[in-house]
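Please read the structure below before turning to the comments.
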Amino acid sequence: MDKFLKIVNEIQDSFSTVGASPDIIKLPQIVVVGSQSTGKSSVLESIVRKDFLPRGCGIVTRRPLIIQITQDLSLSQPMGSLLHDPDTWYYDFEEISREIIKNTDKVCGSNKGISHEPITIKVVSPDLPTLTLVDLPGVTKNPVGDQPDDIEKQTVDLVMKYAENPHSIILAVSPGNVDIANSEAIKIARQVDPTGERTIAVITKVDLMEKTEENMKVLQGKTLPIKLGIVGVINRNQSQIDENLSIEDSLQKESDYFRVNFSHVAAGMGTIHLTDRLCKILMPGRYGHSALI
């Protein structure tokens with residue numbers, strides 16, 4: 001699988017380097033879909049185990065962020081770079097966040113506008129599996145500041161551009177404190193993947209879910225026709241981030257919470273299980289991926 005995904009990353013890089021959109025051909029990747037403030041970026045940071053994505057109010061992710069994770073057992077610590085400056089490697093991932101903000105503002109301006117032009121981030125780590133994920137702007141209902149009146153259409157069109165790729169896996173992120181029937185992520189996933197063959201649902205903020213029988217059925221996968229399953233996660237909240245709770249400690253707290261409060265489904269919940277699930281899903285031979293190479 002590692003060799004397969006490395007080839008995919010090289011193809012994406014080649015198109016980006018010559019100025020062509022990397023989605024001009026339909027490559028296998030995990031596309032992260034959801035509304036604003038659902039915890040999409042926090043899910044990705046927990047998978048990467050580094051704070052490296054911009055935070056704030058409103059639309060924070062304003063360009064597609066293609067995150068290419070590669071495992072390298074020869075390294076002693078993770079490092080990252082950005083495709084537009086491939087010779088600069090960062091061990092301080094906060095510098096990557098600053099570079100993302102700077103390059104987003106350069107293309108989109110500082111008024112919360114969005115762009116289809118992606119930023120490619122490379123993460124090489126001895127501890128992480130090889131995966132490619134795409135973080136997309138959250139679907140925005142109401143314009144703020146200088147945003148255009150059709151900002152909802154713009155964000156939906158951008159998300160659909162990636163989610164329609166038949167070789168992509170849709171990571172549909174919904175908050176646990178909102179009725180999943182009203183989830184924008186599930187709505188989009190159903191439009192492009194009505195049978196749920198390539199959708200995996202992620203329920204964030206499970207610690208805020210009411211422990212009703214209906215919610216138990218949601219976590220057990222008995223409510224929605226999603227073939228790749230449903231995984232509940234608990235990200236760090238803002239106060240925990242402000243208190244410098246590490247991602248590693250957060251993952252332990254997450255595991256403990258599910259073990260105590262959702263013991264009957266705990267084995268299939270949490271960020272570590274989600275990462276393992278994504279690795280298995282992206283094995284060549286699923287969804288026709290192997291036909292690409």
Exercise for the section: Just need a number here: residues in the stretch 80-115 that are assigned to a loop (DSSP other than H, G, I, E, B), touching a residue at least 24 places away in the same chain (Cβ under 8 Å) and open to solvent by 80 Å² or more (accessible area, probe 1.4 Å). Expected result: 1
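Take residue 50 and decide whether it is closer than 21 Å to residue 157 by Cα, open to solvent by 20 Å² or more (accessible area, probe 1.4 Å) and not in a strand (DSSP E or B). Talk me through it step by step, then tell me what you get.
Numbers: closer than 21 Å to residue 157 by Cα: no; open to solvent by 20 Å² or more (accessible area, probe 1.4 Å): yes; not in a strand (DSSP E or B): yes.
When the stated conditions are applied, residue 50 does not pass them.
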Completion exercise
Note on residue 152: of the conditions (1) within 13 Å of residue 36 (Cβ to Cβ); (2) open to solvent by less than 10 Å² (accessible area, probe 1.4 Å); (3) out of contact with any helix residue (DSSP H, G or I) (no Cβ under 9 Å at 6 or more places or on another chain), unmet is (2)
Problem - Flag for residue 209 being at pLDDT below 95, within 19 Å of residue 40 (Cα to Cα) and not aromatic (Phe, Trp, Tyr) - result: yes
Practice task
Give, as residue ranges, the helices (runs of 4 or more DSSP H) completely inside the stretch 183-243 that count at least 1 residues that are within 16 Å of the chain's Cα centre (by Cα).
Solution key: 184-192
Problem - Residues of the stretch 146-198 that turn out to be under 23 Å from residue 269 (Cβ atoms) and of a type in the set (Ser, Thr, Tyr), as a count - result: 2
Fill in the blank from the handout: Checked pairs for the stretch 35-46, first closer than 18 Å to residue 100 by Cβ, second at pLDDT below 90 and surrounded by 23 or more Cβ atoms within 10 Å (Cβ to Cβ), C-beta under 6 Å and 6 or more apart or across chains, list as 36/138
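Checking the condition at pLDDT 90 or above and crowded, with 20+ Cβ neighbours inside 10 Å, which residue from 158, 171, 128 passes? Can you show your working first?
Working: 158 fails: crowded, with 20+ Cβ neighbours inside 10 Å; 128 fails: crowded, with 20+ Cβ neighbours inside 10 Å.
The conditions single out 171.
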Practice task
Would you mind finding the one in 83, 27, 44 that is on the phi < 0 side of the Ramachandran plot, at pLDDT 70 or above and within 17 Å of the chain's Cα centre (by Cα)?
Solution key: 44
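The values are calculated or read from the model by the stated rules, or taken from the named source; none is laboratory data. Keep in mind that what you see is a predicted model, and the values were worked out from it rather than measured. All Cβ positions, even for glycine, are placed from backbone atoms using ideal geometry, and neighbour counts span all protein chains on display. The accessibility values were calculated without ligands, DNA or RNA, using every heavy atom of the protein model including side chains. Shrake-Rupley method; radii C 1.70, N 1.55, O 1.52, S 1.80 Å.
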